[in-house]
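Chemist: Could you have a look at this structure, given as structure tokens, before my questions?
What follows is calculated from the coordinates using simple rules that are stated; it is not laboratory data. What you see is a predicted model, and the numbers here were worked out from it, not measured in a lab. Heads up, the Cβs are rebuilt from the backbone with ideal geometry, glycines too, and the neighbour counts pull from every protein chain shown.
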């Protein structure tokens, strides 16, 4: 069962937060397949559905998504594309799966929305496919808080993700992203594309009472660390990212420019730190310990 981030409960102090619908959709779909022995069997595969986003009745983008938490996905998309500067700019997000649409109502409109959505850059992302070119213009304005992660905490994060019950384990073909504070798992999201998953986490952070800051957080992804993933993490204020995959050249260059600690190929006791190694408190002796699954139970 995938861990879906709950929509936060609203209190009188949160009156300015957007009103979100609670549209749910099945995360998997049963299909009949034929295996290598010629036998028919039933498997579950991830659902994939289009979600067209309208902002004040203007069509913005169509996202291909699992649909686990579409309201937070849309909110995080608007945040990470810098179409909304504050969560308080958004009055409501209503998702209707009967027409595969998300209707966003703003409080005062989006300035120069035509120009800001006109220029797109094709990316390596799956499930989203394009990103507004202005993202790269934001990099020089980002300042990340000082933060460190110990090697023991890194191993705790990797082990927590290994044990996570997920759609990936039951159906495969999805990416997972998570937000940690130290070794504490705050939220976990899966989607057909890792960009959708990180956008959903960005939306979740925006909806937290007290405006959760990212300075003491660690972002984890199952996908590779591209430039866009690094920029989105930095935009969320998260100074440390961990991936079980690798990193692209442009992702590396942006991480170095930002002073963001990028850790990749993180499985069991192995990892490589691509950038900002001063943020990682090394404990090399821990690398000699057997990984959790290799340990024997006490007699």
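Chemist: Can you tell me how much longer the chain between residue 163 and residue 25 gets when fully stretched, taken as 0.36 nm per residue apart minus their C-alpha distance, in nm with one decimal? Please list the in-between numbers first.
Modeler: Details: separation 138, 0.36 × 138 = 49.68 nm, distance 2.47 nm.
Residue separation times 0.36 nm, minus the Cα-Cα distance, leaves 47.2 nm.
Chemist: Roughly how large, in nm² to one decimal, is the mean projection of the convex hull of the alpha-carbon atoms in the range 149-294? Walk me through the numbers on the way to the answer.
Modeler: Working: hull surface 33.2 nm².
Mean shadow area of the hull around the Cα atoms is 8.3 nm².
Chemist: Let me ask something else about it. Taking Cα pairs under 8 Å and at least six residues apart, what relative contact order does the range 179-254 come out at, in percent? Mind showing how you got there, number by number?
Modeler: Details: 110 pairs, mean separation 22.2, N = 76.
About 29 percent, as a whole number.
Chemist: If you take every DSSP beta bridge whose two residues both sit in the range 167-290, what share of them, in percent to the nearest 5, is antiparallel?
Modeler: Working: 15 of 23 bridges.
If we restrict to bridges inside the range 167-290, about 65 percent are antiparallel.
Chemist: Would you mind pulling out the separation of the Cα centroids of the range 201-258 and the range 75-96, in Å?
Modeler: 18 Å
Chemist: For residue 97 and residue 58, FRET efficiency with R0 = 22 Å and r from the beta-carbon atoms, rounded to 0.05?
Modeler: On the way: r = 21 Å, r/R0 = 0.95.
Working from the Cβ atoms, E equals 0.60.
Chemist: Once the range 64-117 is represented by equal point scatterers at the alpha-carbon sites, with solvent omitted, what log10 I(q)/I(0) does the Debye formula produce at q = 0.22, 0.26, 0.29, 0.32 Å⁻¹?
Modeler: Taken in order of the listed q values, log10 I(q)/I(0) reads -0.88, -1.12, -1.26, -1.36.
Chemist: Could you calculate the contour length gain from residue 114 to residue 268, that is, 0.36 nm times the residue separation minus the distance between their Cα atoms, to one decimal place in nm? It would help to have the intermediate numbers written out before the result.
Modeler: Values: separation 154, 0.36 × 154 = 55.44 nm, distance 4.70 nm.
Between residue 114 and residue 268, full extension yields an extra 50.7 nm.
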